[in-house]
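*Asks:* Before I ask anything, here is the structure I am working with.
The values are calculated or read from the model by the stated rules, or taken from the named source; none is laboratory data. Values in this document were obtained by computation on a predicted structure and should not be read as measured data. So basically every Cβ, Gly included, is an ideal-geometry build from the backbone, and we count neighbours across all protein chains shown.
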Amino acid sequence: MSEQPDLPGVEARLAAEALIVDVDGFEGPLDLLLMLSRTQKVDLRRISVLQLAQQYLAFVEKAKELRLELAADYLVMAAWLAFLKSRLLLPPDPTEQGPSGEELAAHLAFQLERLQAMRDAAAQLMARDQRGRDFFARGLPEDVMRVRHVRYTATLLDLMQAYARIRTRDDFRPYVMDRDAVYTMEEALERMRGLVGYAGDWTDLASYLPEGWQVDPVRRRSATAAHFAATLELAKRGAIELRQGDTFAPIQIRRKET
Amino acid sequence: MTDAPQEQSLFEAPPMAAQERMVEAILFASAEPVTVADLNARMPHGCDAAEALTHLRKRYEGRGVRVVRVGEAWAIRTAPDLGFLMQKETVETRKLSRAAIETLAIIAYHQPVTRAEIEEIRGVSVSRGTVDQLLEMEWIRFGRRRMTPGRPVTFVVTQDFLDHFGLESARDLPGLKELRAAGLLDSRPMPGREDRDEERDDSEDQGDMFEQEP
Amino acid sequence: MTDAPQEQSLFEAPPMAAQERMVEAILFASAEPVTVADLNARMPHGCDAAEALTHLRKRYEGRGVRVVRVGEAWAIRTAPDLGFLMQKETVETRKLSRAAIETLAIIAYHQPVTRAEIEEIRGVSVSRGTVDQLLEMEWIRFGRRRMTPGRPVTFVVTQDFLDHFGLESARDLPGLKELRAAGLLDSRPMPGREDRDEERDDSEDQGDMFEQEP
């Protein structure tokens, strides 16, 4: 921090800068602390947390000096370590509540040891013989009689995605069939069967529409379609004849003479 | 093999038992039958794959699988008399349709749930084929009837369902918040309506089939 | 059941040697591990697949392929010392990031483990891509929800994970006993913040913390 650095200072500073340039390489403050703890060259169980806190705080200082942006969690850790440092240095205040500095330091040491242990475990895991690299499954699984029956399957991810899809539909509206305005072909057929007997001459199909289905466009459309379908059915059976003078001209029907 | 002794002095070939192991492993792991030339090319220098094959072939005589010749190449195959055991391998797996997976998801998340409720959540009517399929797969079953007018039946998921999806209970399904955290809620473009009408066809008569208890 | 002896004479189980052949054929034919229950279901009535497996396993000791246990299931795999012969079969596995490898190890050693616990151990938030990738590879799955406030989901490793790393069960993870003895697998809360995990899991905006990549 002095303006005129002496020689070993330059070296230390270069080292610190190298560390800082590397800050993106760290996976969070705990990772950085673990790295710093290695400079103490002792077993993690005998680490000096006080010294480690000082190293970390110095690192953050340096980063500020170099005007490097540190992520918020690094600063949170710095604040916590500053607090821990003061707890460790000052004689315990009997009126103070909460855990002692030693307890907090012990926990931090535990976290570092645990992280290191998990890293070692991960390395051991990845160093194992692996399927597809060191040992192999059957390359030619046999299927003697294929396509016997279909088994449908889905993965948990499919299920979750399906649910997510449903729950995020913004145009969601329950589908309700408006049965009031629907005249079915069966009904029309039933009706026509009784009526055609009376009509000896050509009659407009529209005149067959029942009471209450002739005005409202929705109901009229449904009834017309149903009655038209019904006349086709009756014509097919040979019960009636139908004709249409021109495109869009009225459709006329009459009973077929047998 | 007149030059064998010469070569052997330079690159000593592994013992025949080791060569047999190698042929065994290669034939097992290969996706296709392997020729003797191929075997020799893959094994250390000086090996005699043809001889190792003869030993291996003898070793598998009368076993559940055999070393058989397929054209110019060799493979391990099930003994013909045990073909009947392979029936389980004959099932063809197909992805569940979108309608079915959605229906299933709703039942899993909202169980016990009636058909009307499923339709309300999905926004389309549920075809009887879809429900039948899920019932037949034994992923869903009928639950207790709902004590509301009409006493509609409800659907719940089965133990088979939990087993298939590796869940210990339906409660272990991730919630909406977790779906969002897993990136399942935001990355998807809003689905269009193109597939909404797919199952309206038989909505006329499907009501009846659910009234009767199985 | 008075007719039991009669039944036995009708469906006499095949001799053990025949059962061993059957297990051999089924395991050879399948690339995936097969459970004992599955084996029994596929073999004739009265068979004891577990016993046949013991015999078969012994028979393949020292051979080019081995009978291995994978969780509750069994499979045949090539001997690891012969991997060098298999360049042709080697599959390029997706390179896992350091974060993914560490997350996987933490899930394996601490399972069932919540996301908050993983973060507590690693000291950084777990990116959603990491967990997604592991889920997609089917190396991890959801376990039972934790019975703490917020009922967070937990993660556990799968049978495929065991198969991939040649583990008979999660208890055989390297160094597991030592880690447990050293107390490094204990969940030890920060002094003075006993309920920190639960609070975290409970918080409304939990989703957000996973949105931002570290």
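*Asks:* Return the total of residues in region B:139-182 being among the polar types (S, T, N, Q) and within 12 Å of chain C (Cβ to nearest Cβ).
*Replies:* Qualifying residue count, region B:139-182: 1.
*Asks:* Sticking with this one: Which of (1) within 12 Å of another protein chain (Cβ to nearest Cβ); (2) more than 23 Å from the chain's Cα centre (by Cα) does C:G46 not meet, given it meets every other one?
*Replies:* Of the numbered conditions (1) within 12 Å of another protein chain (Cβ to nearest Cβ); (2) more than 23 Å from the chain's Cα centre (by Cα), the odd one out for C:G46 is (1).
*Asks:* Scan (1) farther than 27 Å from C:F161 by Cα; (2) within 12 Å of chain B (Cβ to nearest Cβ) for the single condition C:M16 breaks and write down its number.
*Replies:* (2)
*Asks:* Do we have any residue at all in region B:22-33 that's farther than 19 Å from C:L27 by Cα and more than 7 Å from chain C (Cβ to nearest Cβ)?
*Replies:* Among the residues of region B:22-33, not one is farther than 19 Å from C:L27 by Cα and more than 7 Å from chain C (Cβ to nearest Cβ), which makes the answer no.
*Asks:* Another question, if that's okay. What do you reckon, is B:T154 on the phi < 0 side of the Ramachandran plot, of a type in the set (V, I, T) and touching a Phe, Trp or Tyr at 6+ places or on another chain (Cβ under 9 Å)?
*Replies:* In short, yes.
*Asks:* While we're on this one: So, in region A:238-258, of the ones that are assigned to a loop (DSSP other than H, G, I, E, B) and closer than 15 Å to A:L195 by Cβ, which residue ends up modelled with the highest pLDDT?
*Replies:* The first filter runs over region A:238-258 and keeps only residues assigned to a loop (DSSP other than H, G, I, E, B), leaving A:238-239, A:245-250, A:256-258.
Going one step further and asking which of them are closer than 15 Å to A:L195 by Cβ, we end up with A:239, A:256.
Working: A:A239: 81, A:K256: 77.
Filtering first and then ranking leaves A:A239.
*Asks:* Whether any residue in region C:81-89 is within 12 Å of chain B (Cβ to nearest Cβ), of a type outside the set (A, V, I, L, M), in contact with a strand residue (DSSP E or B) (Cβ under 7 Å, 6 or more places away or on another chain) and within 19 Å of A:A137 (Cβ to Cβ) is what I want to check.
*Replies:* So far as region C:81-89 goes, yes, one or more of its residues are within 12 Å of chain B (Cβ to nearest Cβ), of a type outside the set (A, V, I, L, M), in contact with a strand residue (DSSP E or B) (Cβ under 7 Å, 6 or more places away or on another chain) and within 19 Å of A:A137 (Cβ to Cβ).
*Asks:* Right, next: Does region A:205-220 include one or more residues that are farther than 19 Å from A:A181 by Cβ, in contact (Cβ under 8 Å) with a residue 24 or more places away in the chain, in contact with a Leu (Cβ under 9 Å, 6 or more places away or on another chain) and not small (G, A, S)? Show your work before the answer.
*Replies:* Residues of region A:205-220 that are farther than 19 Å from A:A181 by Cβ, as a first pass: A:205, A:207.
If we keep only those that are in contact (Cβ under 8 Å) with a residue 24 or more places away in the chain too, we end up with A:205.
Adding the requirement that they be in contact with a Leu (Cβ under 9 Å, 6 or more places away or on another chain) leaves A:205.
Cutting the leftovers down to not small (G, A, S) gives us A:205.
Checked region A:205-220: at least one residue is farther than 19 Å from A:A181 by Cβ, in contact (Cβ under 8 Å) with a residue 24 or more places away in the chain, in contact with a Leu (Cβ under 9 Å, 6 or more places away or on another chain) and not small (G, A, S).
*Asks:* For region A:71-172, give me every one of the helices (runs of 4 or more DSSP H) that falls completely inside it and has 3 or more residues that are away from chain C (no Cβ under 12 Å) and at pLDDT 80 or above.
*Replies:* A:72-89, A:156-167
*Asks:* Any residue in region C:42-55 that is closer than 22 Å to A:L140 by Cα and at pLDDT below 95? Spell out the reasoning first.
*Replies:* Just the residues of region C:42-55 that are closer than 22 Å to A:L140 by Cα, to begin with: C:42-43, C:53.
Then drop every residue that is not at pLDDT below 95, which leaves C:42-43.
Checked region C:42-55: at least one residue is closer than 22 Å to A:L140 by Cα and at pLDDT below 95.
*Asks:* Where residues in region A:244-258 are in contact with a strand residue (DSSP E or B) (Cβ under 8 Å, 6 or more places away or on another chain) and under 19 Å from A:A225 (Cβ atoms), which of them is surrounded by the fewest Cβ atoms within 10 Å (Cβ to Cβ)?
*Replies:* Across region A:244-258, the extreme among qualifying residues is A:Q244.
*Asks:* When you go through B:I76, B:I101, B:I118 one by one, which is the residue that is more than 7 Å from chain A (Cβ to nearest Cβ) and under 19 Å from A:M160 (Cα atoms)?
*Replies:* B:I118
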